[in-house]
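A short write-up of the structure that comes next.
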Amino acid sequence: MIKLDILSDPICPWCYIGKTRLEKALADVPDHPFVIEWHPFQLNPDMPAEGMDRRTYLETKFGGKENAVRVYGEIEKHAREDGLDLDFGAIQKTPNTVDAHRLIHWAGIEGKQDEIVNALFTAYFHEGRDIGSREVLCDIADSCGLDAAVIGKLLKSDEDVDMIRKRDTHSREMGVNSVPTFIIANQHAVPGAQPADLWIKVIEELKEKEANA
């Protein structure tokens, strides 16, 4: 088996698109060699703990309403081509994602990382839920079979906050400056939401290499 590490943020639309494209490739090649682990990367490491109004955030980030509309129009187009009907209009707040990343980490311990990542993307991009809210995160945890009471207690504590931030910082120090970033076998970095065809080619090359080893 080959480790595929994915650096991602659950409020990153390209991360959701990239995940969807990867999953299409994995479905087409069910005997793929990948073992997947998700890793924290905050698009907005300086985001206030309470988050901020989404429109204000986007207009500030992209230099005005016109640019924000243009950028997100392009994202929506690509998402639709991949079968994702994203509801950007339902999103009222851009949250701080440290707690969401903590939840993803704890889900990994229980072998439920992929379910939690899927649920976070769905909650944010389809339902417009505030995934910075600990109540929402507990509800998501419960829906994926995690103990919501335990998750709630952990979220009220500082458990693993420093670890998440250090992992984020480490990735930046290693040269990662955008997500999604996929790292194959701890050696090859593949940045961006790559098409399914590219992943199928990568998988075929890895299998051929293994067969000839």
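The values are calculated or read from the model by the stated rules, or taken from the named source; none is laboratory data. The structure presented is a predicted model; accordingly, all values stated were derived computationally and were not measured. Here the Cβ positions follow ideal geometry from the backbone for every residue, glycine too, while neighbour counts run over all protein chains shown. Side chains included, ligands, DNA and RNA excluded: accessible areas come from the protein's heavy atoms. Shrake-Rupley method; radii C 1.70, N 1.55, O 1.52, S 1.80 Å.
Quick notes on this one:
- What the Cβ-Cβ distance of LYS207 and MET52 gives, at R0 = 30 Å and to the nearest 0.05, is a FRET efficiency of 0.10.
- Extension gain (nm, one decimal) between ASP139 and GLU127, 0.36 nm per residue minus Cα-Cα: 3.0 nm
- Cα long-axis angle, helix 13-28 against the chain (0 to 90 degrees, to the nearest 10): 30
- For the chain, the solvent-accessible area works out to 52 Å² per residue, with a probe of 1.4 Å and every protein chain left in place.
- Label-point separation in nm, ASN177 to ALA189, each point 7 Å along Cα→Cβ: 1.0
- Taking the helices alone, the chain has a mean residue ellipticity at 222 nm of -17000 deg cm²/dmol, built from -39,500 (n - 2.57) per DSSP H run of at least 4 residues and averaged over all its residues.
- Carbon plus sulfur fraction of accessible area for the chain, probe 1.4 Å, in percent: 50
- Axis angle, to the nearest 10 degrees, between helix 113-125 and the longest C-alpha principal axis of the chain: 50 degrees.
- From phi via Karplus (6.51, -1.76, 1.60), per-residue ³J(HN,Hα) for region 187-200 in Hz, x at Gly/Pro: 10, 10, 8, 10, x, x, 7, 6, x, 4, 4, 5, 5, 4
- For the chain, the antiparallel share of DSSP beta bridges with both residues in that region comes to about 60%.
- In this simple spin-label approximation, ASN67 and LYS3 carry label points 7 Å from Cα along the Cα→Cβ vector, and these lie 3.8 nm apart.
- Within the same chain, lysines fewer than 8 places from LYS201 are excluded, and of the rest, those with a Cα less than 30 Å from its Cα are LYS3, LYS19, LYS24, LYS77, LYS112, LYS209.
- The label-point distance for VAL35 and MET163, in a model that sets each label 7 Å from Cα toward Cβ, rounds to 1.8 nm.
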